[in-house]
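Chemist: I have a structure here, written as structure tokens, and I will follow up with some questions on it.
The values are calculated or read from the model by the stated rules, or taken from the named source; none is laboratory data. These figures come from a predicted structure and were not determined experimentally. Here Cβ is always computed from backbone atoms with ideal geometry, including for glycine, and neighbour counts include all displayed protein chains. Heads up: the accessible areas ignore ligands, DNA and RNA and are worked out on the full protein's heavy atoms, side chains in. Shrake-Rupley method; radii C 1.70, N 1.55, O 1.52, S 1.80 Å.
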Amino acid sequence: MTTMSISVCIPARNEAATIGELVRAVVAQPGLLEVLVLNHASTDATEVTARDAGARVVSADDVLPEFGPALGKGDVLWRSVHIAQGDVIVWLDADLRSFTPEYLTALVQPFAADANIALVKPDYARTINGSPTGGGRITERTAKPALRELHPHLAHIHQPLAGEYAIRREVARQVPFEIDYGVEIGLLIDVANKYGTEAIAEVKIPPRVHRNRPDAELAEPSHQVLRTT
């Protein structure tokens, strides 16, 4: 895929329904250094399903245990940086149902083309309940208005909360991580502040299909995103 080494890291909590198919599709791609699943206290078959599919599965609580149990998604991503070995880390959400090889090739390509690129975000349509558009409710109702108001230099980013994105590992070790669902927008803001907006690239990839959550479950993640901005 590239001369850079690539770690694919998948944070997962109770995602047995989707993790196996996703891991099998990812490990089939050539040129990857490793495929890691960071299991965050799952109570279902996530761990065994991911391992049987070909991933290296690590308990998030066992990474940097001196900091105690992992507290949320952002904490899990932060811990993944400390065990990943690749020059580039590609994060994928464990409930992703629409993975294609282009997810990896597109997200990695800007790093090979430009040594100054620190972070690559996707630009994709977000499906919802079978409809081709309309997903990304927190993105449209919370994240984008907050960026337009507080960080207008980042208002052009189409999917600031996307769970599928890539970062240079050396960059990830230099910026803070929110412990929860504020992690994506926090990294976007902090990378821009430290390395410049021009260090963030966007790439087109196919529409995203995943498990859509009911509105009642979106209030707390929305608050976490807003608090981070």
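Chemist: Please go through the range 47-62 and pick out each residue that is of a type outside the set (Lys, Arg) and over 18 Å from the mean Cα position of the chain (by Cα). Walk me through it before giving the result.
Modeler: Within the range 47-62, the first condition is being of a type outside the set (Lys, Arg), and the residues that meet it are 47-50, 52-55, 57-62.
Across the range 47-62, the qualifying residues are Glu47, Val48, Thr49, Asp52, Ala53, Gly54, Asp61, Asp62.
Chemist: Please specify each residue of the range 144-159 satisfying the condition of being outside any loop (DSSP other than H, G, I, E, B) and free of Cβ contacts under 8 Å to residues at least 24 places away in the same chain. Talk me through it step by step, then tell me what you get.
Modeler: In the first step, residues of the range 144-159 are kept if they are outside any loop (DSSP other than H, G, I, E, B); the result is 144-150, 152-154.
Lys144, Pro145, Arg148, Glu149, Pro152 - these are the residues of the range 144-159 that are outside any loop (DSSP other than H, G, I, E, B) and free of Cβ contacts under 8 Å to residues at least 24 places away in the same chain.
Chemist: Let me ask something additional. Answer yes or no: is there a residue in the range 197-216 that is without any contact (Cβ under 8 Å) to a residue 60 or more places away in the chain, open to solvent by less than 50 Å² (accessible area, probe 1.4 Å) and either outside any loop (DSSP other than H, G, I, E, B) or aliphatic (A, V, I, L, M) (or both).
Modeler: Scanning the range 197-216 turns up at least one residue that is without any contact (Cβ under 8 Å) to a residue 60 or more places away in the chain, open to solvent by less than 50 Å² (accessible area, probe 1.4 Å) and either outside any loop (DSSP other than H, G, I, E, B) or aliphatic (A, V, I, L, M) (or both).
Chemist: Given the criterion closer than 25 Å to Glu220 by Cα, modelled with pLDDT of 95 or more, surrounded by 14 or more Cβ atoms within 10 Å (Cβ to Cβ) and among the hydroxyl-bearing types (Ser, Thr, Tyr), identify the matching residue among Thr46, Thr105. Steps first, answer last, please.
Modeler: On the way: Thr105 fails: closer than 25 Å to Glu220 by Cα.
The unique qualifying residue is Thr46.
Chemist: With respect to the numbered conditions (1) in contact with a Ser or Thr (Cβ under 7 Å, 6 or more places away or on another chain); (2) under 30 Å from Asp114 (Cα atoms), which one is the sole condition not fulfilled by Asp75?
Modeler: With (1) in contact with a Ser or Thr (Cβ under 7 Å, 6 or more places away or on another chain); (2) under 30 Å from Asp114 (Cα atoms) applied to Asp75, the lone miss is (1).
Chemist: Going through the range 10-39 one residue at a time, which ones are buried (at least 16 other Cβ atoms within 10 Å of the Cβ) and over 16 Å from Thr100 (Cα atoms)?
Modeler: Across the range 10-39, the qualifying residues are Pro11, Ala12, Arg13, Asn14, Glu15, Ala16, Glu34, Leu36, Val37, Leu38, Asn39.
Chemist: Right, here's the next one. Pairs only if they're at least six apart or on different chains, beta carbon under 7 angstrom, first in the range 29-47 and within 21 Å of Gly74 (Cβ to Cβ), second open to solvent by less than 50 Å² (accessible area, probe 1.4 Å) and basic (Lys, Arg); list them, first residue then second.
Modeler: That search, which allows pairs on different chains as well, returns Leu38/Arg79.
Chemist: Suppose we filter the range 75-102 for residues that are under 15 Å from the mean Cα position of the chain (by Cα) and open to solvent by 30 Å² or more (accessible area, probe 1.4 Å); how many remain? Even if it seems obvious, please write down each step before you answer.
Modeler: Taking the range 75-102 as the starting set, the residues that turn out to be under 15 Å from the mean Cα position of the chain (by Cα) are 75-81, 84, 88-99.
When the remaining residues are screened for being open to solvent by 30 Å² or more (accessible area, probe 1.4 Å), the result is 78, 97, 99.
Residues that pass the stated criteria total 3.
Chemist: Testing Val120 on (1) open to solvent by less than 40 Å² (accessible area, probe 1.4 Å); (2) in a helix (DSSP H, G or I), one condition comes back false. Which one is that?
Modeler: With respect to (1) open to solvent by less than 40 Å² (accessible area, probe 1.4 Å); (2) in a helix (DSSP H, G or I), Val120 is out only on (2).
Chemist: Name the single residue that is farthest from Thr105 (Cα to Cα) among those in the range 133-181 being surrounded by fewer than 22 Cβ atoms within 10 Å (Cβ to Cβ) and of a type in the set (Gly, Ala, Ser).
Modeler: Per the criteria, the residue is Ala146.
Chemist: Starting from the range 173-185, keep only residues that are touching a residue at least 60 places away in the same chain (Cβ under 8 Å), then list their pairs with residues that are part of a loop (DSSP other than H, G, I, E, B) and of a type in the set (A, V, I, L, M, F, W, C) whose Cβ atoms are within a distance under 7 Å, requiring at least 6 positions of separation or different chains.
Modeler: Within 7 Å, the pairs are Ile179/Leu71; Val183/Phe177.
Chemist: OK, next. Please work out if Glu184 is in contact with a Pro (Cβ under 7 Å, 6 or more places away or on another chain) and either at pLDDT 95 or above or surrounded by 17 or more Cβ atoms within 10 Å (Cβ to Cβ) (or both).
Modeler: Values: in contact with a Pro (Cβ under 7 Å, 6 or more places away or on another chain): yes; either at pLDDT 95 or above or surrounded by 17 or more Cβ atoms within 10 Å (Cβ to Cβ) (or both): yes.
The answer is yes for Glu184.
Chemist: Could we say that Ala162 is touching a strand residue (DSSP E or B) at 6+ places or on another chain (Cβ under 8 Å) and either outside any helix (DSSP H, G or I) or modelled with pLDDT of 95 or more (or both) here?
Modeler: Numbers: touching a strand residue (DSSP E or B) at 6+ places or on another chain (Cβ under 8 Å): yes; either outside any helix (DSSP H, G or I) or modelled with pLDDT of 95 or more (or both): yes.
Yes.
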